[in-house]
Amino acid sequence: VRSITPCPCYLIYNGFDETIFQPKDCQSSQFKIIYTGKVFPVPQQDPSMLFEGIKATGLTPEQLSIHWYTDELSRQRIQNMAARAEVQPWMVYHKERPQNEIIPLLHEASICLVLTSRAGDNNGHGKMTTKFFEGLGIEKPVLCVESDEECLAAVIRSTHAGISAVNVQEVKTFILDKYAE
């Protein structure tokens, strides 16, 4: 009999309810990538690959926009990074919304954005963010940047829910494919 050393595992329930996050057809006049919630500092979450991918698509801010429904500190983080990446015209900022207002916003999304980072000692392992399950529940394509290259990437791949991007080319291709659809 082999002895297995337990590793610490934590479940932090944060309110996802599969009976609430249901698909609904909704038309939008613009192609929108939507992110809801807090944005944590780099290296926990780093949207720079997304920003480079947006520029690489060749799409204008009139064709594509990224909507951030976040708190003030998160908005400031995104604004600073977007300014450095020179993608500010594509950014649209909104106040953080309560959970009961999130679902209609996500129904308008062309893509649901999930921000993560590569798993490792400093970033942890096995993070399965609720943002992914929300996109999966409402059946919207999920763009995860940067791939954790672990559990989340494997589930996105196995469910065909979107992409867990490892480089700018993957971000660009995914956005252009969904735009063409």
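For the stretch 34-44, check the following and say yes or no: at least one residue is out of contact with any Gly (no Cβ under 6 Å at 6 or more places or on another chain), at pLDDT 90 or above and not polar (S, T, N, Q). Even if it seems obvious, please write down each step before you answer.
Keep residues of the stretch 34-44 that are out of contact with any Gly (no Cβ under 6 Å at 6 or more places or on another chain), which gives 34-44.
After this cut, where a residue has to be at pLDDT 90 or above as well, the list is 34-36.
Cutting the leftovers down to not polar (S, T, N, Q) gives us 34-35.
Checked the stretch 34-44: at least one residue is out of contact with any Gly (no Cβ under 6 Å at 6 or more places or on another chain), at pLDDT 90 or above and not polar (S, T, N, Q).
Kindly list, by first and then second residue, each pair from a residue in the stretch 163-178 that is farther than 13 Å from Leu50 by Cβ to a residue that is in a helix (DSSP H, G or I), limited to pairs with Cβ atoms under 7 Å and residues at least 6 apart or on different chains.
Between residues of the stretch 163-178 that are farther than 13 Å from Leu50 by Cβ and residues that are in a helix (DSSP H, G or I), the close pairs are Leu176/Thr57.
Find the residue count for the stretch 58-77, including only residues that are in a helix (DSSP H, G or I) and open to solvent by 20 Å² or more (accessible area, probe 1.4 Å). Steps first, please.
Filtering the stretch 58-77 for residues in a helix (DSSP H, G or I) gives 72-77.
Those still in the list that are open to solvent by 20 Å² or more (accessible area, probe 1.4 Å) too: 72-73, 75-77.
Final tally of qualifying residues: 5.
Residues of the stretch 89-111 being open to solvent by less than 70 Å² (accessible area, probe 1.4 Å), assigned to a strand (DSSP E or B) and not hydroxyl-bearing (Ser, Thr, Tyr), which ones?
Passing the criteria: Met91, Val92, His94, Ile111.
Which members of the stretch 130-181 meet the condition of being hydrophobic (A, V, I, L, M, F, W, C), assigned to a loop (DSSP other than H, G, I, E, B) and open to solvent by 10 Å² or more (accessible area, probe 1.4 Å)?
Of the residues in the stretch 130-181, the ones hydrophobic (A, V, I, L, M, F, W, C) are 132-133, 136, 138, 142-145, 151-156, 161, 163, 165-166, 168, 171, 174-176, 180.
Going one step further and asking which of them are assigned to a loop (DSSP other than H, G, I, E, B), we end up with 138, 161, 165-166.
Scanning the stretch 130-181 gives Ala161, Val166.
Would you check which residues across the stretch 78-87 are touching a helix residue (DSSP H, G or I) at 6+ places or on another chain (Cβ under 8 Å) and open to solvent by less than 70 Å² (accessible area, probe 1.4 Å) and list them?
Gln79, Met81, Ala82, Ala85, Val87
The values are calculated or read from the model by the stated rules, or taken from the named source; none is laboratory data. Remember, predicted model here, so these are calculated numbers, not experimental data. Ideal geometry is used to build each Cβ from the backbone, glycine not excepted, and the neighbour counts take in all protein chains shown. Accessible surface areas use protein heavy atoms only, side chains included; no ligands, DNA or RNA. Shrake-Rupley method; radii C 1.70, N 1.55, O 1.52, S 1.80 Å.
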